Amino acid sequence: MAGPLVLSGEQAPILDAAISVMARRGYVESTESAIAEVAGIGEAELRRRVGDKAACMIALYEAFSGHLFEVVANEIDLEAPPPGFVEVAAAAYLGALEDNVVVARLTMFEIDHLGRSGRNLRRRSAARFGELFHHRHALERRIRPSLGELPDQTYLAILFATRELAAAVLDSDDPTPQLRPLAKTVGLWVRAMISGAQSEEFGAAHRP
């Protein structure tokens, strides 16, 4: 089940403070002193526990991407996979974003200010999801041998496309963006891509 990100450990109050400060000021205008003040500690203690402003953003991104992965992995049955796992995974991913709009916007947009470091974080996170989807598709192929093997880039394409659909909704001032409905669109697209939009199976599933 999706839900709010819960931070723990000695970094938690600092990352909560970083969320508060960066959500108001943006990454560029945020400072270590402001984050430390909200966290109720000195700047030296902030640097001891986490590091500088960039380190705060990196720690936050890693915490949230880990949360997203856990939510999606918990929704996918890796032992007895039913058909349509992509839509299930998309619904879990989008639901977790919707339940954490402030953090989602920070980690989706403000991370760009870290340059290559931020892009590398995104790639590592995507690769982890890609491995999960690859494993899940392999299990489904055992049940449905007619399914073809997909190159690893396919799983990354699905993830990046879903992320961009979410980004288009999140990139607004709407305090309660609706992301979960996008899951049906993602599932429809992926099934058409894999089965073929003209296939009997696909047509039967989506015939009025």
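Readers should treat all values here as calculations from the given coordinates under stated rules, not as data from a laboratory. Quick caveat: nothing in here was measured; it's all calculated off a predicted structure. Quick reminder, even Gly has a Cβ in these numbers, built from the backbone with ideal geometry, and neighbours come from all protein chains shown.
Things worth noting here:
- Helices (runs of 4 or more DSSP H) within the range 1-111 that include 1 or more residues over 22 Å from residue 163 (Cβ atoms) and of a type outside the set (A, V, I, L, M, F, W, C): 12-29, 32-39, 43-49, 53-75
- Residues of the range 93-135 that are among the acidic types (Asp, Glu) and surrounded by 14 or more Cβ atoms within 10 Å (Cβ to Cβ): 98, 99, 110.
- Residues located in the range 163-187, provided they are over 24 Å from residue 26 (Cα atoms) and either touching a residue at least 40 places away in the same chain (Cβ under 8 Å) or crowded, with 17+ Cβ neighbours inside 10 Å (or both): 180, 182, 183, 184, 186, 187
- Among the residues of the range 14-52, the one identified as buried (at least 17 other Cβ atoms within 10 Å of the Cβ), of a type outside the set (A, V, I, L, M) and under 22 Å from the mean Cα position of the chain (by Cα) is 27.
- Candidate set from the range 119-163 (those that are under 21 Å from residue 62 (Cα atoms) and of a type in the set (S, T, N, Q)); member that is farthest from the chain's Cα centre (by Cα): 120
- Selection count, the range 112-162, where residues are within 22 Å of residue 189 (Cβ to Cβ) and assigned to a loop (DSSP other than H, G, I, E, B): 7
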